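Nothing in this text is a laboratory measurement; each read-out follows from the coordinates by a stated rule. Predicted model, so just to flag it, every value in this text is computed and none were measured. Quick reminder, even Gly has a Cβ in these numbers, built from the backbone with ideal geometry, and neighbours come from all protein chains shown.
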Amino acid sequence: MGGVKIILVEDNPLNMELVTDLLQTAGHEVLATSKAEEGLAMARIESPDVILMDIALIGMDGLSATRMLKEDPATASIPVIALTAHAMRGDEEKALRAGCVAYIAKPINTRTFVDIVTTYARASKPHEEE
Ligand code: MN
């Protein structure tokens, strides 16, 4: 199966590098940015198969960005997976209520991360099954 296109919004440089490396090694295309505003613009232009959204960001936070993605008909159908450090009680519920399809706590589990992301990405484009 071919790779999928992923937008990663993450302002922690080490985590951005780790996530990008894992996904690229698995054959996927990764477009990364540290800013939610830039992620929103990229989503409209690139039509990714999935968006990985850090919740705690400088400037616009990931939950606000996810709500905007879900309100825009051009991006509403793109699955958004929340990423967050220091997982707190209630975070997952907040992420799902903002429109995320799933929630991954950091530090990520490198054995399962790619499979989770790929599953949601492929589910978003069933018409392109090979
Ligand atoms: Mn962050």
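Can you name every residue in segment 32-57 that is of a type in the set (V, I, T) and surrounded by 15 or more Cβ atoms within 10 Å (Cβ to Cβ)?
T33, V50, I51, I55
Scanning segment 6-24 for residues that are in contact (Cβ under 8 Å) with a residue 60 or more places away in the chain and either in a helix (DSSP H, G or I) or more than 16 Å from the ligand (Cβ to nearest atom) (or both) yields I6, N15, L18, V19, L22, L23.
Restricted to segment 44-57, and to residues there that are more than 12 Å from the ligand (Cβ to nearest atom) and within 13 Å of the chain's Cα centre (by Cα), the residue that is farthest from K125 (Cα to Cα) is I51.
Filtered by the rule that a residue be assigned to a loop (DSSP other than H, G, I, E, B), within 13 Å of the ligand (Cβ to nearest atom) and either on the phi > 0 side of the Ramachandran plot or crowded, with 18+ Cβ neighbours inside 10 Å (or both), segment 58-97 gives G59, H86.
The number of residues in segment 1-18 being among the hydrophobic types (A, V, I, L, M, F, W, C) and under 22 Å from S64 (Cα atoms) comes to 5. Taking the criterion of being in a helix (DSSP H, G or I) and within 16 Å of the ligand (Cβ to nearest atom), the residues of segment 25-37 that qualify are A36, E37.
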